[in-house]
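Written out below as structure tokens is the structure these notes cover.
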Amino acid sequence: MAVPGDSADEGLGHYSPPQTTERLPAKTPLDTTGGDGDAVVSLARVLRTSLEPHARSRLAVALLAAVPADILKRALSELDGLLRRDFIGQLPAEIAVRILACLPAVEIARTAARVSRRWHAVAMQPWLWRRLFRARGWALNEERWAMYSSLPGIADVGWLLLRRSMEQAAAAISPA
Amino acid sequence: MVKLVSSDKEEFDVAVEVVEQSVLLTKMAAGHGESDEAISLPEVTGRVLAKVIEYCEQHKSDQKLDADDRDDVPKSSEDILQWDKDFMKVDQDMLFGLLLASNYLDIKPLLDLGCKTVANMIRGKSAEEIREKFNITDEFTEEEQDLINKEKDWAEDN
């Protein structure tokens, strides 16, 4: 007759570790093994608000100096990411459009519009294409433009109109 | 002289002709009249403001742009003066700050210079190279990517 706990398997199956009572003491405020690094985040928050910028950077350098080379390498590439900026994605739309307007239409439609969701949204701004058209001395036929710009690929439409012959473009654009 | 104070409380004493490069500062200085009260700029850090002032010092004797020219898109991103080119050899964080500051302070030539500089960083690169250069992470979902590929096919067929 099998008694509970008789075999090793059954023993394991019935065993329920007293997790709540045994594991809590190990999780001191500075324990970072929990995986989410909450303690580190809150420690960093405290230091961020209580130290002057200069002292913060000295502390950061001192901490990094004590780190093994492979981790240091990873930390550096993460920091390098912080120094880079998504100009089109993060700047106000009026500046982002101004930047893209410096590029040839074909690059806006073919490349910039395919970088990310934000870049796509900026590259599709009717205002941008209005500017590009105006720079070429063409005025927009507002009615036709409204029709074209309701299509999903407005950047490609704009580029097409620029690329194709003037006669084709004239269908959507009236002379200035 | 006009006294400017950055968001991090750094103070700068600047000549009037330097201040006049900025449409916003010109208006603010006029509002202050003869008083030597400082103009505080909570939107601009000292690091960026110092760089903006350096630009304005260099360009203080430039001809003023006509009102008509002001709204134009920069015509080409290649016609940049050597001094301006060297001035723009900065990290991306500074370039970002200069774009925001020149837009806020309304310094049109500096805003255009910044835009041209970023455009030159984008020019000729693939979408992937651009993502890498600017550390861009908000990529398309698979669905959106399909839609974009369709757009592309459509444009090439026509």
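The values are calculated or read from the model by the stated rules, or taken from the named source; none is laboratory data. None of these values were measured; they are calculated from a predicted model. So basically every Cβ, Gly included, is an ideal-geometry build from the backbone, and we count neighbours across all protein chains shown.
Within region A:113-132, which residues are facing chain B (nearest Cβ under 7 Å) and buried (at least 24 other Cβ atoms within 10 Å of the Cβ)? Once the filter is applied, which keeps residues that are facing chain B (nearest Cβ under 7 Å) and buried (at least 24 other Cβ atoms within 10 Å of the Cβ), region A:113-132 yields only A:115. Residue count for region B:94-140, restricted to those that are in a helix (DSSP H, G or I), of a type outside the set (Asp, Glu) and either in contact (Cβ under 8 Å) with a residue 12 or more places away in the chain or surrounded by fewer than 20 Cβ atoms within 10 Å (Cβ to Cβ) (or both): 27.
Please find, within region A:69-96, the residue that is farthest from the chain's Cα centre (by Cα) out of those that are more than 7 Å from chain B (Cβ to nearest Cβ) and buried (at least 22 other Cβ atoms within 10 Å of the Cβ). Looking at the filtered set, the residue picked out is A:96.
Restricting region B:8-28 to residues that are in contact (Cβ under 8 Å) with a residue 60 or more places away in the chain and part of a helix (DSSP H, G or I), the residue that is surrounded by the fewest Cβ atoms within 10 Å (Cβ to Cβ) is B:23. Is at least one residue of region B:81-95 at pLDDT below 90 and not polar (S, T, N, Q)? Yes - at least one qualifying residue is present in region B:81-95. Among the candidates A:103, A:59, the residue that is in a loop (DSSP other than H, G, I, E, B) and either crowded, with 21+ Cβ neighbours inside 10 Å or modelled with pLDDT of 85 or more (or both) is uniquely A:103.
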